[in-house]
Amino acid sequence: MTLQIKLESRTIDKVERMRKVYNFSAGPAMLPEEVLLQAQAEMLDWHETGMSIMELGHRGPEFKRVAEKAEADLRELMSIPKNYQVLFLAGGATTQFSMVPLNLFDGKRSADYVDTGIWSKKAIAEASRYGRVNVVAQTQHQDRLDYIPAQDQWTMNEDAVYLHYTPNETIGGIEFQWIPQTGNVPLVADMTSMILSRPVNVNDYGIIYAGAQKNIGQAGITVVIIREDLIKEPLPKTPALYSYKLHAEHNSFYNTPPTYSWYISGLVLAWMKHKGGVQAFYQQNLRKAKTLYSLIDQYKDFYISRVHPDCRSLMNVMFHLCNETLTPHFLEEAEKIGLTNLRGHRVSGGVRASIYNAMPEDGVNMLADFMMDFARRKG
Ligand SMILES: *Cc1c(COP(=O)(O)O)cnc(C)c1O
């Protein structure tokens, strides 16, 4: 396998994958090897400045170019319309659980939330501190399968300030394959674990936010894509750094942004463009997920997915071994051959393979081969 990447003026050629493990962690997650090599190559001397990017002033022209290029690449990859601002903010996606209600609540109307799992619940708990929250729907359970109720069963409020949902629940491995229709109510989406994994129409959303450490880059920075009409005065006593308006007015440079995280995001976005953009990754992601789910279904006396096939996640493949006592052996053997971090979340147990954009198909194929072999030996 030959990989080549050209970012700005430098080219890194590489004949062989250098790392020995495939990391299936849900986040912080695997980064493309080309990006890590690029960062390594320019660590001590970034673009002949004699400094690392970490040491460059955030208000200088050099960092400005890095920041603007990352935004331009994200805009291109997602076809973000002009009437949306893109913010790169410190704090994780969890910070957005507070920022969304603080900036959108008007002191009168309530907000609608869809509860599909643990991240939704955290967002709901946080919003409830600042205003009235109406939970319009919850994940249902039938015939041992979790599923998202169809929208005609939701109890939506036409007068809601916004509707918040989590398109992909990272822990449960449950993902919407459709977009909620909310009419004039702005749709707010926590896309942390699925942004850039499939095409989305930004126009369908009021706000999209995503912590970077799953599909964009490294921890420490969160991307917020916000329609301009939603940028307004936040609730009284909102801390300055929690105001979208303040950040928008200063192009995310009100205070020192997490410059290194921003730079790494830029490298990943350039890498994505180089590899064919969102559509190319989507096709690859479909193949990767299909490889694992087909195998789970084929060996259904051995592996079980508890998520309804209509809402299985493309990014976080969650499954259990029918005989749970074998799970520790499964994880141990996988680890030995370099398939690492497959343990399910402590709440859900089981096995979870997070297969974000940076997980190569080779890694997924190797996991599928191992799963087949393990089932044949132990089944
Ligand atoms: C990981 C994750 C978060 C939390 O992100 P932090 O950066 O740790 O705050 C929130 N929502 C979803 C959907 C996630 O996957």
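Observations, loosely collected:
Conditions (1) closer than 20 Å to residue 192 by Cβ; (2) out of contact with any helix residue (DSSP H, G or I) (no Cβ under 9 Å at 6 or more places or on another chain); (3) surrounded by fewer than 21 Cβ atoms within 10 Å (Cβ to Cβ); (4) not aliphatic (A, V, I, L, M), marked per residue:
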| residue | (1), (2), (3), (4) |
| --- | --- |
| 285 | yes, yes, no, yes |
| 313 | yes, no, no, yes |
| 321 | no, no, no, no |
| 348 | yes, no, yes, yes |
| 352 | yes, yes, no, yes |
| 355 | yes, no, no, no |
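- Residue in segment 46-57 that is within 16 Å of the ligand (Cβ to nearest atom), more than 21 Å from residue 228 (Cβ to Cβ) and part of a loop (DSSP other than H, G, I, E, B) present: no
- Residue 67 being assigned to a helix (DSSP H, G or I) and not assigned by TED's automatic domain parsing to the domain that holds residue 341: yes
- Within segment 77-97, residues that are more than 14 Å from residue 226 (Cα to Cα) sit with their Cβ atoms under 8 Å from residues that are in a loop (DSSP other than H, G, I, E, B) and among the hydrophobic types (A, V, I, L, M, F, W, C), at 6+ positions apart or across chains, in these pairs: 77/196; 92/219.
- Residue in segment 148-159 that is among the acidic types (Asp, Glu), in contact (Cβ under 8 Å) with a residue 60 or more places away in the chain and assigned by TED's automatic domain parsing to the domain that holds residue 206 present: no
- Set side by side, the residues 231, 226, 179, 171 differ, and just one is within 16 Å of the ligand (Cβ to nearest atom) and not acidic (Asp, Glu), which is 171.
- Of residues in segment 160-181 being β-branched (Val, Ile, Thr) and without any contact (Cβ under 8 Å) to a residue 60 or more places away in the chain, the one nearest to residue 319 (Cα to Cα): 166
- When 174, 221, 226 are checked against the criterion of being touching a Ser or Thr at 6+ places or on another chain (Cβ under 8 Å), farther than 17 Å from residue 116 by Cβ and assigned by TED's automatic domain parsing to the domain that holds residue 77, a single residue qualifies: 221.
The values are calculated or read from the model by the stated rules, or taken from the named source; none is laboratory data. Just so it is clear, the model here is predicted, and its values are computed rather than measured. In this analysis, Cβ positions are derived from the backbone assuming ideal geometry, glycine residues included, and neighbour counts consider all displayed protein chains.
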